[in-house]
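I have placed the structure first, in the form of C-alpha cells, so that the comments after it can refer back to it.
The values are calculated or read from the model by the stated rules, or taken from the named source; none is laboratory data. Predicted model only: the values in this text are computed from it and were never measured. All Cβ positions, glycine included, derive from the backbone under ideal geometry; neighbour counts span all protein chains shown.
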Amino acid sequence: MPRENLNPFVIAQSYFQQAAERLKLDDGMRAILSTPKRALTVSIPVRMDGGSYKVFVGHRVVHNMSRGPAKGGIRFHPDVTLDEVKALASWMTWKCACLDLPFGGGKGGVAVDPHALSLNERERLTRRYTSEILPLIGPDQDIPAPDVYTDPQIMAWIMDTYSMTKGTTSLGVVTGKPLALGGSRGRDKATARGVQFVLREACAARKMSLKGARVAIQGYGNAGSHMATLLHAEGARVVAVSDSRGGVQNARGLDPAQLQAHKAKGQSLKTFPGGTSITNKQLLELPVDILVPAALENQITANNAPRIRAKIVAEAANGPTTPLADDVLFKRGRTVIPDILANAGGVTVSYFEWVQDFSSFFWDEDEVDRRLEVYMKRAYTSVAATAAKHQCSLRGGAYVLAVDRVAEATRVRGIFP
Ligand code: NAD
C-alpha cells in the first residue's frame, strides 16, 4: 500500500499539476497559479466569560484574484492549519472558475472548537478575527461566507464589525447572511441543491434513477442535512447518515424530519432510535448507489477506496478524496462528482446574494433555484465534455476547465508591472 501524503495543500497542488500537465502550461504559469497571492496569520485574544483570556490563531488566505475579488468561507474548527486554509482557498479559485463566476478564491479559518465557547465568547472571537483581517476583506476585495461550524449569525457579526469600522453599512462584504441583513433566499439549502442538480445529471449519464437510489451521507450540517431532506423528497432512500460522533443506518430508509428533530435535541445521530449505529468509516463502505461525503477532507483514501461500493460519489465536502483514492475509483468505473463542481451551489448562491446586495433588489426562492439550476447544469455539461475530450475523470475535466480559465485571465491581464 503506497503511503499517502494527507496534507491538503499538497493534495490540492497535485490535482492542479495534473491539469497543468494536460493543458501543457509552462513553468512560469504553473508557479503563478499554484502560489497563493497572500496569506495572513493573526492572533485573536478573547476575553472569556469567566474573566480569563485565551489567544486563538486564525488565517485568511487569498489564492488568486485574476478573475475577480476573492471568495471563500470561514471555518472554525480545532484542526484548522494554514496549509488546510491554503488548500481550501485554491479550491475556491478553481470552483469559481469552473462555474464561471467572476470571483477568485480565498478562505479563512480559526483553530478553535466553537462548541466549547458561549455565544458571547463566539461573538467576541468573530469580531476580533474580523477586525484583524479587516484591511484585506471588502465587497470588491475578498468576501467571506460560512463553512464548517460557522453560520449566518457569525456572518452578521462579520458584516457589522466591518460596517461599524468603515462607517457605512456594507452588505456585500460577506455572504450567507441572515435574510434580515441582505441574505439571499435559498442560500441555506444552496450547497445541497447544487449537489442535487449535478447528481441528476450524473444519474442520467449512468442510466440510474435518483428515485429509489440508496444514499449514504457523511456529515449532517448545512450541506449534509439539507442533502438528506432534498434527496428524500425526490424519492431517494437515505439509508445512512452521520455526524462527528458517529452515524446510524437503516436499509429501509431514514426519515430526515425525524433525524432533524433528534439532532435538535442536542443528540448525536448514532443514538437515533430508528436504526442501528455505525462508525463514520463503516458508513463510507456501505452497499449504496450514492455516497455523499459532507464533512471534512481525506475521508476516502487509498486504504478504503477499493471497498467503496457506491456507483456515484458526490463530493459535498471539500477535499474528501485523496488523489490515490481518486485514481482507484476512476479505474473501478465509479463516477466521482468532484468538490469544485459538486458543492459549488453554495458559492453560486453567494454570488447571487452579492449581486442582490449591490442592486438592493431581492429575488424570490424560485428565481434563486432556477438560476442555480442553470449554472450547475451548464457547469456539469462543460466538465463532462472536457473530461471526455481528455479521456479522464470528471475531476480531471473540472480542473482542466477551471485552470484554463484562470490561466487565460492571467495571460490577458499580464503581470504587473
Ligand atoms: P457544518 O458545520 O454545517 O457541518 C459539519 C458536519 O460535519 C456536522 O454535522 C459535523 O458533526 C460533521 N462532522 C465533523 N467532523 C466530522 C467527522 N470527522 N466525521 C463525520 N462528520 C463530521 O459544515 P458544512 O457547511 O455543512 O460543511 C461541510 C463540508 O461541506 C465542508 O467540507 C465544507 O467545506 C463543505 N462546503 C460547505 C459549503 C457551505 O455553503 N456551507 C459550501 C461548499 C462546501
Query raised in the report: Of the residues that sit in segment 302-329 and are under 21 Å from the mean Cα position of the chain (by Cα) and among the acidic types (Asp, Glu), which one is nearest to the ligand (Cβ to nearest atom)?
Result: Glu315
Query - One residue from Arg60, Arg75 being in contact with a Leu (Cβ under 6 Å, 6 or more places away or on another chain), closer than 30 Å to Arg405 by Cα and at pLDDT 95 or above - result: Arg60
Query raised in the report: Among the residues of segment 345-356, is there at least one that is away from the ligand (no atom under 16 Å from the Cβ) and without any contact (Cβ under 8 Å) to a residue 60 or more places away in the chain?
Result: yes
Report task. Starting from segment 145-168, take each residue that is at positive phi and within 16 Å of the ligand (Cβ to nearest atom) and list its partners that are assigned to a helix (DSSP H, G or I) and modelled with pLDDT of 95 or more, counting only C-beta distances under 7 angstrom and pairs at least six apart or across chains. Result -> Tyr149/Pro114
Report task. Of all residues in segment 230-272, count the ones that are of a type in the set (Val, Ile, Thr) and surrounded by fewer than 17 Cβ atoms within 10 Å (Cβ to Cβ). Result -> 1
Query raised in the report: Does Leu284 fit the bill of being over 30 Å from Gly396 (Cα atoms) and within 24 Å of the chain's Cα centre (by Cα)?
Result: no
Query raised in the report: If you check Ile137 against the conditions, is it touching a residue at least 24 places away in the same chain (Cβ under 8 Å) and within 16 Å of the ligand (Cβ to nearest atom)?
Result: no
Report summary line: Across segment 215-226, the tally of residues that are under 11 Å from Ala316 (Cβ atoms) and more than 9 Å from the ligand (Cβ to nearest atom) stands at 1
Requested in this report: For residues that are surrounded by 21 or more Cβ atoms within 10 Å (Cβ to Cβ), in a loop (DSSP other than H, G, I, E, B) and touching a His at 6+ places or on another chain (Cβ under 9 Å), tally how many sit in segment 37-78.
Outcome: 1
Query raised in the report: Between a first residue in segment 303-323 that is free of Cβ contacts under 8 Å to residues at least 24 places away in the same chain and a second residue that is assigned to a loop (DSSP other than H, G, I, E, B) and within 16 Å of the ligand (Cβ to nearest atom), which pairs have beta carbons less than 9 Å apart while being 6 or more apart in sequence or on different chains?
Result: Asn304/Glu285; Arg307/Glu285
Query raised in the report: Taking segment 84-105 only, how many residues are crowded, with 24+ Cβ neighbours inside 10 Å and of a type in the set (Asp, Glu)?
Result: 1
Requested in this report: Filter segment 348-387 for residues that are surrounded by fewer than 17 Cβ atoms within 10 Å (Cβ to Cβ) and of a type in the set (Val, Ile, Thr) and give the result.
Outcome: Val355, Val374, Thr381
Query raised in the report: Looking at segment 180-214, which of its residues are within 16 Å of the ligand (Cβ to nearest atom) and among the aliphatic types (A, V, I, L, M)?
Result: Ala190, Ala192, Val195, Val198, Leu199
Query raised in the report: When you scan segment 79-120, how many residues do you find that are away from the ligand (no atom under 13 Å from the Cβ), in contact (Cβ under 8 Å) with a residue 24 or more places away in the chain and out of contact with any helix residue (DSSP H, G or I) (no Cβ under 9 Å at 6 or more places or on another chain)?
Result: 3
Query raised in the report: If you go through segment 42-56 one residue at a time, do you hit one that is touching a strand residue (DSSP E or B) at 6+ places or on another chain (Cβ under 9 Å), within 16 Å of the ligand (Cβ to nearest atom) and touching a residue at least 60 places away in the same chain (Cβ under 8 Å)?
Result: no
Query raised in the report: Taking Gly275, is it touching a Leu at 6+ places or on another chain (Cβ under 9 Å) and away from the ligand (no atom under 16 Å from the Cβ)?
Result: yes
Query raised in the report: Which number in (1) within 12 Å of the ligand (Cβ to nearest atom); (2) among the hydrophobic types (A, V, I, L, M, F, W, C); (3) touching a Leu at 6+ places or on another chain (Cβ under 7 Å) marks the one condition that Val248 misses?
Result: (1)
